[in-house]
Amino acid sequence: MILPGYYEFCCRVKTVSGHRALESIPEALLSMKAECPMIISDKGVAGAGLIKIVTDAMKPGKGGKSVTIGAAYDTVLPDSDIKMVEEIATIYRAKKCDSIIAIGGGSVLDTAKGVNILVSLGGNSLMHYAGAGAVKKKLKPLVAVPTTSGTGSEMTLVAVIADHDRHVKLPFTSYFLLPDIAVLDSRMTRTLPPALTASTGMDAMTHACEAYTCLAKNPLSDTTALAAIQLISRNILKAVKKGDDMESRLALANGSALAGMAFSNSMVGMVHTIGHATGGACTVPHGTCMSILLPYGLEYNLHKTAYLTADLLYPLAGPEVYAATPGKERPAKAIACIRKLNQDLYDATGGRHARCLKEVYDRDGKQMVPKEALPAIARTAMGDGSQFYNPEELDYNDFMTVLEYAWEGAPLDLKKVIKGKKRQKF
Amino acid sequence: MKSPDYFEFFSQAKIMSGNKAMANIPVELDGFDARKPLVITTREVTRAGLGKKLVKALYDSNVVIGAIFDEVPHHAGISQVRDLVKLFRDRGCDSVIALGGGAAADVAKCVNIMVSEKTDDLLQFIGENRITRHLKPFIYIATAYSTGYEVANNATIEGRVIKSDFLFPDVICIDKSMVAVKNSDMVLEGAMVAFAQAVEAADMPNDNPVVDAYAHAAIRFIYQNLRKGIRSPGDKKTGMALANAAAMGAVAFSNSPQGIVHLVSKALASVTGLSESFCKVVLLPYSIELKLSKKEPFRGDLLLAMAGFETFATTPEKDRPHVALGLIRQLLAEGGKYPRTLKDVKVAKYRLDEAAKAAVEAGGTRVKLKECMTLLEHAWEGKTIL
Amino acid sequence: MNINNYPEIQPKTKLIKKIYVWIILFVFGRAFEAAAKVDKSAKEEFAKMPADFCFDMCVLPNGPHMIIGKDEKGKVRYMGWNPRGKKITLWMKIKNMESAILMFTFQESSCVATARDRLIVDGDIPQACGILRLMNLLETLLLPKLVTKLGVKRYPKWSQFSPVRKWTSRLLTYIRLVA
């Protein structure tokens with residue numbers, strides 16, 4: 001195991017996971033001296049009846065004290081916005097709430113983090129707290145209940161909130177933005193449709209694989225990533241095929257949280273660079289980009305990190321396959337395993353899980369990534385920070401090469417990769 | 001690995017480990033809006049020049065050290081804590097740094113409780129989960145004199161234990177220039193405590209994937225580095241790996257219920273006056289044998305953590321625990337002259353009974369008297385249970 | 001307990017290290033300005049930056065600083081070491097003096113330093129990416145291949161960066177740097 005010359009690892013979120021984990025929220029809130037939480041969520045979550053499951057779990061805690069829901073805001077938009085944050089903060093104050101329960105995916109949690117800054121530190125404008133490390137105080141208790149097994153945003157210390165008037169995205173980073181508790185409950189992901197289960201699951205898989213192979217890896221991100229890959233690869237197909245298999249649902253949620261722990265400490269590489277750009281330029285869902293691009297990312301870096309990619313074979317395929325594969329073939333086999341998993345998911349979802357970029361269609365059956373869009377994607381990718389954590393350098397032409405292969409769905413021609421020096425210092 | 005039906009995990013600590021890690025302390029303190037720490041340490045640490053290194057690391061920053069108190073004795077008492085609380089308040093400090101050594105960390109934690117809870121009565125916090133709020137920023141700097149218990153979520157003062165998740169350090173700083181141990185017995189003992197903690201945590205019947213992740217990293221580092229650490233103590237690279245393992249082991253240990261090795265060692269230490277770490281080292285292999293002899297499902301992951309994918313994958317499933325046990329014994333054998341049975345250190349046999357009873361008393365339903373006795377007797381004699 | 005035995009300790013300054021970092025940043029800043037004039041890809045990279053672009057690279061908490069920005073005519077300028085009165089749009093803060101020394105004595109290359117979290121970037125990320133690419137470029141231009149190879153992930157191949165261009169840019173940058 002590699003001990004890097006310097007690393008940091010921080011995971012201050014208390015993780016509670018189980019089939020009935022939601023029931024632990026009241027006690028946890030009471031122990032933090034909060035009894036009137038505000039629920040923040042979005043339409044999709046409310047529509048699936050998930051808020052009701054959470055409120056039903058708020059039975060009286062020990063010692064007769066109980067938690068009452070102070071307010072609920074269930075119309076968070078897919079893109080967190082500064083005005084919305086201020087609006088929610090006003091409701092929070094009017095209803096005299098003292099804590100926040102965020103139920104949903106990335107945007108809900110980002111919004112909740114923003115609201116938490118405002119209601120804890122006072123003021124009406126978030127702008128003041130934007131940037132790295134501007135929040136320096138303990139905020140109000142924040143409970144995160146993820147409803148997709150993928151984003152891992154319950155483990156990250158970043159919130160990105162858009163200011164649509166000024167057309168900027170404000171990043172907020174501080175350890176105090178981390179939720180106090182992440183509650184992983186199998187009931188929350190039970191109703192997730194197969195295609196979404198597949199893409200969010202592969203999103204988490206990508207987090208873990210990149211955490212293990214990219215530059216800021218560290219011993220703890222390694223072990224959490226390997227555990228995550230193992231949980232996801234063994235359960236994703238089951239969860240896609242049989243949605244109400246609670247065991248695999250919970251395993252997937254655990255895997256995703258572990259992957260979140262890993263990547264929030266080790267950062268991610270080129271799969272995310274290109275994935276963010278594809279999402280930004282063509283509005284392709286994040287998970288879809290990730291599952292398509294993951295094998296390409298591993299292939300592109302193969303000349304530097306083959307020895308790490310080889311390790312991935314063990315959690316992906318199990319000890320028997322690992323032992324039966326000769327050492328030299330393991331990296332290729334690991335990548336093949338991921339491709340096969342994508343193919344299996346494609347079959348299991350009736351073709352809704354895309355295998356390559358040209359196969360991505362929106363609801364109206366329109367192709368989302370036309371080949372003409374690739375240069376724009378590559379240009380956007382040049383401005384994404386995650387490329388600096390990638391083992392190999394990437395410039396515009398490299399992005400184009402990878403994108404062209406990923407668009408067609410053919411394995412990357414390794415001869416076309418411009419290779420730098422062999423080994424990277426960690 | 002199967003997925004558990006329920007688990008919880010929490011660790012407040014941010015681990016910063018590596019070259020020039022201490023130089024990052026000002027930035028961390030600033031993140032908490034703190035700029036005047038009280039440094040608490042022991043004489044042996046300052047005598048080794050480690051206090052000066054800390055002072056130098058904080059040059060070119062806005063951090064003023066409130067004071068460096070280096071007279072924490074091995075068994076610190078509440079009066080010391082009170083003095084330090086006074087010093088903390090007089091100087092207007094806003095954070096606590098503990099520098100190496102178990103006693104320093106315990107005292108620092110107690111000081112932090114009193115200054116954060118704004119009280120002069122420490123006794124009310126003895127027990128589990130009595131602390132009610134977030135404490136002041138607390139940074140722990142690992143040194144060669146660390147024992148591995150410091151970063152756990154408890155503090156021991158005058159033999160009484162305070163346990164609370166708020167007692168985790170906010171930052172664990174493992175700096176390359178601080179951890180090189182000069183003496184190979186100390187290397188072995190420190191590493192084996194971490195090893196015992198990690199193995200016990202990873203081997204609990206209820207799976208906890210996050211605890212496993214911490215424990216596996218710890219086990220792997222110890223297994224890979226212990227031999228070199230004993231052969232050439234003072235080597236910085238192995239020192240770093242072992243210090244990392246100690247921190248990870250302690251976090252894993254804090255998140256899992258106490259196992260038989262921990263309970264019995266603790267009891268044995270208090271009955272005989274041996275060090276708890278030593279007892280753990282002696283008892284660990286026997287506890288694994290005990291488990292095997294009971295035909296309990298044993299998690300083969302231990303072998304995976306020690307020997308890596310290759311060995312694990314090529315070993316048939318039923319052999320894995322035995323191979324793992326063999327590796328542990330081999331590892332212990334590297335300890336050379338280090339005593340390996342209780343007989344060797346002249347523990348009177350009749351005291352075992354006493355220790356077993358104390359362990360059962362402390363552990364409640366978690367351990368059975370008969371098992372404790374089997375474990376102790378075999379460890380005394382040095383003969384295998386299987 | 002006599003508390004006078006445990007005095008308060010004020011932080012001192014590591015003067016030599018500070019001067020060293022100051023000099024490096026000074027040279028680096030002038031090199032930025034020079035390269036922006038003579039090298040093709042540096043020009044392109046700077047052309048993408050907005051008109052009010054002003055970049056501050058500093059060591060926390062008390063400097064030294066290096067400020068690079070565009071003047072009224074849109075020319076890239078090294079603007080000295082005093083951030084006071086300037087409207088900074090992008091910060092790259094090195095967490096402490098020791099990290100700065102590790103970076104500027106080439107013990108840790110910029111990519112390793114990023115991976116080790118030695119830098120805090122505050123501002124627009126695409127701009128910061130541009131700056132990091134420019135820093136790699138400068139390294140290639142200013143330093144001999146042997147040294148640069150240790151630092152960058154991939155030394156540019158002939159096809160990407162012809163020796164003719166490299167040497168012209170290198171010479172011109174050096175001339176402007178000294179003159």
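Taking H as built 1.01 Å from N, whose amide H comes closer than 5 Å to the amide H of residue A:184, not counting residues under 5 places away?
Here the answer is A:16, A:17, A:18, since their amide H atoms fall under 5 Å of that of residue A:184.
Along the Cα-to-Cβ line of residue B:74, 7 Å from the Cα, sits a label point; which residues in segment B:31-64 have backbone N less than 16 Å from it?
B:42-45
Could you list which residues have their amide H under 5 Å from that of residue A:158, counting only those 5 or more apart in sequence or on another chain, with H placed in the peptide plane?
Residues meeting the amide H criterion: none.
Rounded to the nearest 500, what is chain C's calculated 222 nm mean residue ellipticity when only DSSP H runs of at least 4 contribute -39500 (n - 2.57) each, over all residues?
Rounded to the nearest 500, the figure is -15000 deg cm²/dmol.
Please work out the Cα center distance from segment A:391-419 to segment A:353-371, rounded to the nearest Å.
20 Å
Select from segment C:77-179 those trypsin sites (Lys or Arg not before Pro) which occupy a DSSP coil region and have at most 16 other Cβ atoms within 10 Å, ordered by residue number.
Sparse-neighbourhood loop trypsin sites (Lys or Arg not before Pro): C:84, C:86, C:87, C:157.
Suppose a student asked you for the relative contact order of segment B:228-320, using Cα pairs under 8 Å spaced at least 6 residues apart; what percent would you report?
For segment B:228-320, the relative contact order is 14 percent.
Among A:362, B:175, which comes first, then next, by fewest other beta-carbon atoms within 10 Å?
With the fewest neighbours first, A:362, B:175 line up as A:362, B:175.
For residue A:244 and residue A:347, FRET efficiency with R0 = 22 Å and r from the beta-carbon atoms, rounded to 0.05?
Approximately 0.60, to the nearest 0.05.
Give the Rg (one decimal place) followed by the Dmax (whole number) of chain A, computed from C-alpha coordinates and expressed in Å.
According to the Cα coordinates of chain A, Rg and Dmax are 21.2, 69 Å.
Please list, in order along segment C:125-133, the HN-Hα scalar couplings obtained from phi with the Karplus expression 6.51 cos²θ - 1.76 cosθ + 1.60 (θ = phi - 60°), rounded to whole Hz, x for Gly and Pro.
5, x, 5, 4, 4, x, 4, 5, 5
Over all Cα pairs of segment A:305-426, how is the pair count split among 10 Å bins, expressed in % and running from 0 up to the last occupied bin?
Reading the bins upward from 0: 11, 31, 38, 18, 2.
Before anything else, pin down the relative contact order of chain A: Cα pairs under 8 Å, at least 6 apart, normalised by residue count, whole percent.
Once divided by the residue count of chain A, the mean separation gives 15 percent.
For chain C, what is Rg from Cα atoms divided by 2.2 N^0.38 Å, rounded to two decimals?
1.14
Taking R0 as 45 Å, what's the FRET efficiency between residue A:163 and residue B:275 from their Cβ-Cβ distance, rounded to 0.05?
For residue A:163 and residue B:275, the calculated efficiency is 0.15.
Assign unit charges at the C-beta atoms only (+1 for Lys and Arg, -1 for Asp and Glu), then state the dipole size of chain C relative to its Cα centre in Debye, rounded to the nearest 20.
So the dipole magnitude of chain C works out to roughly 620 debye.
Relative contact order for chain B using alpha-carbon pairs under 8 Å, separation at least 6, rounded to a whole percent?
Relative contact order, chain B: 15 percent.
If you take each beta carbon of peptide A:383-390 and count the beta carbons of other chains within 10 angstrom, what is the mean?
Per residue, the average neighbour count from other chains is 5.
What is the magnitude of the charge dipole of segment B:203-360 about its Cα centre, with +1 placed on the Cβ of each Lys and Arg, -1 on the Cβ of each Asp and Glu, and no other charges, expressed in debye to the nearest 20?
580 debye
Is the protein assembly as shown best put as rounded, prolate or oblate by its Cα gyration tensor, with a ≥ b ≥ c the root eigenvalues, rounded for a/c under 1.5, and otherwise prolate when a/b is larger than b/c, oblate when not?
Since a/c stays below 1.5, the shape of the protein assembly as shown is classed as rounded.
Let me have the 222 nm mean residue ellipticity of chain A computed from DSSP H runs of 4+ only, each contributing -39500 (n - 2.57), with the sum over all residues rounded to the nearest 500.
Helix-only estimate at 222 nm: -15500 deg cm²/dmol.
Angle, helix A:286-300 long axis vs. longest principal axis of chain A, Cα atoms, 0 to 90°, nearest 10?
30 degrees
Pairing the Cα long axis of helix A:302-317 with the longest principal axis of chain A, what angle in degrees results, from 0 to 90 and rounded to the nearest 10?
60 degrees
Considering the options B:132, B:57, B:143, tell which one lies farthest towards the positive end of the dipole of segment B:1-149, charges being +1 on Lys and Arg and -1 on Asp and Glu at the Cβ, about the Cα centre.
Projecting each Cα onto the dipole axis, the largest value belongs to B:57.
Express in whole angstrom the spacing between the alpha-carbon centres of segment B:217-266 and segment A:205-231.
Taking the Cα centre of each part, segment B:217-266 and segment A:205-231 sit 22 Å apart.
Can you report the principal axis dimensions of segment B:1-89 using only the alpha carbons, biggest first, rounded to whole angstrom?
Principal extents (largest minus smallest coordinate, Cα): 49, 35, 28 Å.
When the expected Rg is taken as 2.2 N^0.38 Å, what fraction or multiple of it is the alpha-carbon Rg of segment A:200-257?
1.13
Could you give each residue of segment B:132-149 its phi-based ³J(HN,Hα) in whole Hz, using Karplus coefficients 6.51, -1.76, 1.60 with θ = phi - 60°, and x for Gly or Pro?
9, 9, 5, 8, 5, x, 10, 10, 10, 9, 6, 10, 4, 9, 5, 10, x, 7
I need the fraction of alpha carbon pairs in segment C:99-153 separated by more than 14 Å, rounded to a whole percent.
Everything past 14 Å amounts to 55 percent.
So what J values fall out for segment B:74-85 if you push phi through Karplus, 6.51 cos²θ - 1.76 cosθ + 1.60 with θ = phi - 60°, rounded to Hz, Gly and Pro as x?
In residue order, the calculated couplings are 4, 10, 7, x, 5, 4, 4, 4, 4, 4, 5, 4 Hz.
Tell me, what is the Rg over Rh of segment A:277-367, with Rh the Kirkwood radius over Cα pairs?
1.05
Positive end of the charge dipole of segment B:30-134 (Lys, Arg +1 and Asp, Glu -1 on Cβ, about the Cα centre): tell me which of B:68, B:34, B:113 has its Cα farthest that way.
B:68
Given 20 Å bins starting at zero, what is the percent of C-alpha pairs of chain B in each, up to the one with the largest pair distance?
Reading upward from the zero bin: 29, 58, 13, 0.
Using +1 at the Cβ of each Lys and Arg and -1 at the Cβ of each Asp and Glu in segment B:246-386, identify which of B:304, B:378, B:257 lies farthest towards the dipole's positive end.
The Cα lying farthest towards the positive end belongs to B:378.
Using every pair of alpha-carbon atoms in segment B:73-205, split the distances into 5 Å bins beginning at 0 and state the percent of pairs per bin, rounded to integers.
All Cα pairs, binned at 5 Å, distribute as 2, 10, 19, 22, 20, 13, 8, 4, 1, 0 percent.
If you average the alpha carbon positions of segment C:91-149 and of segment B:329-386, how far apart do those two centres end up, in angstrom?
Segment C:91-149 and segment B:329-386 have Cα centres spaced 55 Å from each other.
For chain B, with only Lys/Arg (+1) and Asp/Glu (-1) charged at the beta-carbon, what is the dipole magnitude about the Cα centre, in debye rounded to 20?
800 debye
Average projected area of the Cα convex hull of segment B:204-304, in nm²?
7.3 nm²
Of the candidates A:174, A:186, A:149, which one comes out as most mobile in a Gaussian network treatment of chain A with C-alpha springs shorter than 10 Å?
A:174
Show the residues, 5+ positions off or on another chain, whose built amide H is closer than 5 Å to the amide H of residue A:72.
It is A:39, by chain and number.
Would you calculate, for chain B, the mean residue ellipticity at 222 nm contributed by helices, counting each DSSP H stretch of 4 or more residues as -39,500 (n - 2.57) and dividing by all residues, to the nearest 500?
That calculation yields -16500 deg cm²/dmol at 222 nm.
Can you compute the modelled spin-label distance between residue C:62 and residue A:400, with each label point 7 Å from Cα toward Cβ, in nm?
5.1 nm
All of the numbers you see were taken from the coordinates with simple rules; none came from a lab. Treat the numbers as computed from the prediction; the structure is a model and nothing was measured. Positions of Cβ are generated from backbone atoms using ideal geometry, with glycine treated the same way; all protein chains shown enter the neighbour counts.
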